[in-house]
Each structure stands twice: as structure tokens, then as C-alpha cells.
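Scroll down for the structure; my scribbles are underneath it.
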Amino acid sequence: MICRSCKKKLSEIDVYCDACGLPTENFKEQFRVRKVIQQAYDSCKADKENSMFNLIPVILAIVAFVYLIESNILTEMYWANYILLNAFMVFMVPLVIRQAVGVSQGASSGVSQGASQGSGTYLKLVIFMSMMVLYFFFLKIICQGDPILNLVRMVLVCWSIAIVFPVPVLMVTRDESVFKSISRAYIAGKYLRWHQFCLCLVLAALLILFISLAFALLSGVTLYIGLLLLMLPLPAFLRFSGHLMWTWFERQEEFQLNEKSKDY
């Protein structure tokens, strides 16, 4: 394969030219968002072994979150509420991410579900989530109050989410620090940032649908019965999220993007 721009000879697995950065046919054909979503969906349907998995940590996290919202723990002070909720999210979100990542081990990774459920993985995810919360807090402090800066803040938030999309699976499959996993994801996704953002939008749309269903269920029943009903769509959402992350990771592994040490 020859680069159309600089005429450098490329391998058959190159996604872009290391010399000039021009994307190859692999970029257009192998990383199409629709193709990745379809493969993740097919993988999720074919996965019979993980049709039911342990949701106890996630259930406890959701119950605790609802209790925190409904109780009088939260005050009328905006910043106190903001800090308290974000501190709670630092420990709750890793439970959900770890469960979603543990749903599918990936066809080529050879990582057991026990590895993804270990305390070491949870600690890494807590550190990772803490870094994200501090980053968002920094952007909030800098950009609050200015309409233009708020727009910049929204762009930076979306950009950072697109970058870290593969990070949870990287932390499961590689014995590396959180910083190294983020750096590896940044380099691997250099030319795939928009693709990863679209995948995040798909998960966000499913999550919004899940939350909308949750409010519909909670509106006509008591709180605790509603919480039990909330568990019905949760396994399907977590399973698909896990398969989507693994499918994207395996596609990057197939084209050795996670082994690159520089952008181009």
C-alpha cells in the first residue's frame, strides 16, 4: 500500500501514514461507526454466557444515589451540592464502568472477567474518574459566567470524553498506570476522535432513554418498587456498552494502534 500524498510505502494494517498523516482505506472501511455498532450488537446477541451477571454493586450504587438526592443530606448551597455529588460519582461510576467492561472479555484479549472485577481495576478506575472530575471542575471554574467560554468548555468536555473512551478497557488489558493508559488512548485515537465521539453519543442516547424510562416507572409507584423496576433495562444497557467498548478496542488492536508511540 502506497500513501497517496507522500508516496511512502505503508503496511496493509496502517490506518494513516506515519509520515504525513493521510488516512488510508482502512480508516474509511474498517472504522466506520455503523460497522462497529453492528459488530458490537451481534457480539452482544451471541453472548449467552453473560446474559445475567452480578448487578449488586450497581444496584447499591443507584439506591445510594437516589437516597442522596431524596434525603436532606444535600443543602441549598450550590457548591456544597456540586462537590458532594461529584465526590459520590467518583466512587459510583467506577462500579458501573467495571461491570460494563467485565461483561465481555473480548475475543482476542484473553482477559478473564475476574481480572476486570478485581480491586486493582476498581482503584485505577477511581483514580481515572477523580482525574476527570477535577478536570471538569477546573473547566467550570475557568469558564463559568461567560457565554463564549461556556461554549469552549462544552467543546473541551466532549473532546476529552472522546479521547478517554477506550481507557477503561486499556486499564483492564494492560498492567499500566492511568496516565499511561490515557496517553496510549490519545495517540491511538489521533485520527479516530470523531468516531469515538459518535460511539459516546450512541451510549449517551441509550442512557437518556434508560433515564427517561426510569422516570416513567418511578412516577406511578413507590420509590423502592421503582428502583426494582429500574433494574429491568439495566443489564441490556451495560452488556451492550461493554461489548461496544471491547469491539472498538479489538479493532484498534487488530491494526496495532495501541502500540504506536507517536502521533505520526
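The values are calculated or read from the model by the stated rules, or taken from the named source; none is laboratory data. Quantities reported herein were computed from a predicted structural model and do not represent experimental measurements. Positions of Cβ are generated from backbone atoms using ideal geometry, with glycine treated the same way; all protein chains shown enter the neighbour counts.
At least 3 residues that are at pLDDT 65 or above and either more than 27 Å from Pro233 (Cα to Cα) or among the β-branched types (Val, Ile, Thr) (or both) in each: list the helices (runs of 4 or more DSSP H) lying fully within region 59-150 that qualify.
Those helices (runs of 4 or more DSSP H) span 78-103, 119-143.
Taking Val172, is it modelled with pLDDT of 90 or more and either under 14 Å from Glu259 (Cβ atoms) or out of contact with any Leu (no Cβ under 9 Å at 6 or more places or on another chain) (or both)?
no
Restricted to region 5-42, and to residues that are among the basic types (Lys, Arg) and surrounded by 12 or more Cβ atoms within 10 Å (Cβ to Cβ), which residue is nearest to Tyr191 (Cα to Cα)?
Only one residue tops the list, namely Arg32.
Filter region 21-49 for residues that are within 24 Å of Phe197 (Cβ to Cβ) and among the hydrophobic types (A, V, I, L, M, F, W, C); which is modelled with the lowest pLDDT?
Only one residue tops the list, namely Cys44.
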